[in-house]
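The values are calculated or read from the model by the stated rules, or taken from the named source; none is laboratory data. The structure displayed is predicted, hence computed values, not measured ones. Cβ placement follows ideal geometry from the backbone for every residue including glycine, while neighbour counts extend to all protein chains displayed.
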Amino acid sequence: MKVRLWSVVVLALAVFLVCESWRVAYGADKDVPRVEKDTLKGWLGDPNLVLIDVRAVGDWQGSNKKIKGAQRQDPKKVKTWATALPKEKKIVLYCA
C-alpha cells in the first residue's frame with residue numbers, strides 16, 4: 001500500500017513540475033492579463049487587434065473551430081515571431 005501511495009505522490013509531483021515548467025517557458029504567468037470570451041468577441045474586427053492561434057499544429061489542423069482573422073504561429077518558436085509583432089496593437093494569443 002505504501003508503494004502505491006508513494007507512486008501516486010511521485011506522479012502528481014511530476015505532473016506539477018511539467019505544468020510549471022511549461023507555464024514558465026511560455027510566459028503563462030499570473031501577471032499576464034486574461035481576456036474573457038465576450039470581451040474578445042467585442043474586439044473582433046478591430047484593426048488594432050492581432051489575434052494569434054498558438055495551438056499545437058495537430059490541434060489546429062484537426063479543428064473546424066478557428067477564429068476568422070487569426071494567424072497561426074508555432075508556440076515552440078515564439079522567440080522567432082514575437083519580435084515582429086506590432087507593439088502599438090492589442091495582441092491576443094489563444095490556444096486549446
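A few remarks follow.
- Within the range 17-55, considering residues that are among the small types (G, A, S) and modelled with pLDDT of 80 or more, the one nearest to P86 (Cα to Cα): G45
- Matching residues in the range 56-71 - criterion: being at pLDDT 90 or above and surrounded by 13 or more Cβ atoms within 10 Å (Cβ to Cβ): A70
- Residue within the range 37-53 that is part of a helix (DSSP H, G or I), touching a Lys or Arg at 6+ places or on another chain (Cβ under 8 Å) and not acidic (D, E) present: yes
- For beta carbons closer than 7 Å, sequence separation of 6+ or different chains, a first residue in the range 49-69 that is more than 22 Å from D38 (Cα to Cα) and assigned by TED's automatic domain parsing to the domain that holds W81 and a second that is surrounded by fewer than 11 Cβ atoms within 10 Å (Cβ to Cβ) and among the small types (G, A, S), the qualifying pairs are D59/A96.
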